[in-house]
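S.K.: Shown below is the structure under consideration.
The values are calculated or read from the model by the stated rules, or taken from the named source; none is laboratory data. Small disclaimer: the values here were computed from a predicted structure and weren't measured. Positions of Cβ are backbone-derived with ideal geometry, glycine not excepted, and every protein chain shown enters the neighbour counts.
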Amino acid sequence: MCIIADMSDSPAGAPANPDDLLVLLAVARTGRFTTAAESLGLNHTTISRRISALETALGGRVLSRSAGGWALTDLGTRAVRAAENVEAALDLLGGAADAPRELSGVVRLSATDGFSAFIAAPAVARLQRKHPLLRVEIVTVTRQALQHRSGLDIEVVVGRPQAHRAEAFELGRYTLGMYASREYLERNGTPASVAELVEHPLVYFVDSMLQVDDLDAPRRLVPTMRGSLSSTNVFVQIEATRVGGGIGLLPCFMADRHDDLVRLLPAEFAEELPYWMVLRPEAQRQPVIAAVVDALRAQMLAVAPALRGQNPVREP
């Protein structure tokens, strides 16, 4: 990692200092002065001073405040592209041109509970075996894509996002099905039709707190099912279904791992939902982020049958 010296401010109108560009690059990747300072071995005051010097040299603002920290302005976006060229040149000088590049740094990922556990975690673990200096921070949350994603490199959401100044693409799809525990079915009988199914209590998301329209649509398939035990966390929904709290509307790739859960009426209930990935435009040019994206895509392909409710992966 390049450690930037605490230099005096650049005079007005002087060419942009490459060190200042690298400071901006660190802030753009983290969204915060304090985190950028830690990664560069500087202090918060120095980071602020270097950004001010860069803005003086470029004649405009490179950062603006957002809800999550700092976001790039249009001028800042252009400056970051120049900073990435500086970084690439330093990396080239630091080793043989044909040597494999060691990935390092921090990548911050936001995703749903299920995706984080069964897609992101194994994908990242395999990548880290090749690149032990890589760090990935995963924030588990079920929500729509953020409009301002300072401090986040990758977002994975359910449903097509409406995200501005970002690149988005569909990663793949997974299936929701109806499940009940064997003990529950022994006590209450096994529904043989949709009419019998809707007489049972439903385990699913908290209706009033559900922020994702695509996750709300499956609930409308069974509007007369009364809620029993609901949660914003899909792992809680799984466990509530396993202990007989009701019939769960659950991701097949998670529910099928448990032998004590039985899928009900698969022909009638097989709701497909898409995973979408959202990236800041400048993030795609960072090798470390590109590597994480490729790892996530590879894991999605590897477990595609399980995601669709085929060839379930059982717990050991």
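S.K.: Among the candidates ALA255, ALA270, ALA283, which residue alone is surrounded by 18 or more Cβ atoms within 10 Å (Cβ to Cβ), in contact (Cβ under 8 Å) with a residue 40 or more places away in the chain, touching a strand residue (DSSP E or B) at 6+ places or on another chain (Cβ under 6 Å) and under 25 Å from LEU171 (Cα atoms)?
M.R.: Values: ALA270 fails: surrounded by 18 or more Cβ atoms within 10 Å (Cβ to Cβ); ALA283 fails: touching a strand residue (DSSP E or B) at 6+ places or on another chain (Cβ under 6 Å).
One residue alone meets the criteria, ALA255.
S.K.: Only one residue in ALA168, ALA270, ALA195, ALA255 is over 30 Å from the mean Cα position of the chain (by Cα) and not charged (D, E, K, R). Which one? Even if it seems obvious, please write down each step before you answer.
M.R.: Numbers: ALA168 fails: over 30 Å from the mean Cα position of the chain (by Cα); ALA270 fails: over 30 Å from the mean Cα position of the chain (by Cα); ALA255 fails: over 30 Å from the mean Cα position of the chain (by Cα).
ALA195 is the lone residue from the list that is over 30 Å from the mean Cα position of the chain (by Cα) and not charged (D, E, K, R).
S.K.: Determine which single condition ALA298 fails, assuming it passes every other condition in (1) touching a helix residue (DSSP H, G or I) at 6+ places or on another chain (Cβ under 6 Å); (2) outside any strand (DSSP E or B).
M.R.: For ALA298, the exception is condition (1).
S.K.: Limited to region 12-53, what total is found for residues that are under 27 Å from ILE154 (Cα atoms) and assigned to a helix (DSSP H, G or I)? Walk me through how you get there before you give the answer.
M.R.: Of region 12-53, the ones under 27 Å from ILE154 (Cα atoms) are 18-44, 47-48, 50-51.
If we keep only those that are assigned to a helix (DSSP H, G or I) as well, we get 18-30, 33-40, 44, 47-48, 50-51.
Looking only at that region, the number is 26.
S.K.: Can you confirm whether PRO287 is within 30 Å of HIS131 (Cα to Cα), in contact with a Ser or Thr (Cβ under 8 Å, 6 or more places away or on another chain) and not assigned by TED's automatic domain parsing to the domain that holds ALA180? Even if it seems obvious, please write down each step before you answer.
M.R.: On the way: within 30 Å of HIS131 (Cα to Cα): yes; in contact with a Ser or Thr (Cβ under 8 Å, 6 or more places away or on another chain): no; not assigned by TED's automatic domain parsing to the domain that holds ALA180: yes.
So PRO287 does not fit the description; no.
S.K.: Given SER10, SER64, SER104, SER39, which one is among the small types (Gly, Ala, Ser), more than 25 Å from VAL136 (Cβ to Cβ) and either under 27 Å from the mean Cα position of the chain (by Cα) or modelled with pLDDT of 85 or more (or both)?
M.R.: Details: SER10 fails: either under 27 Å from the mean Cα position of the chain (by Cα) or modelled with pLDDT of 85 or more (or both); SER104 fails: more than 25 Å from VAL136 (Cβ to Cβ); SER39 fails: more than 25 Å from VAL136 (Cβ to Cβ).
Exactly one residue qualifies, and that residue is SER64.
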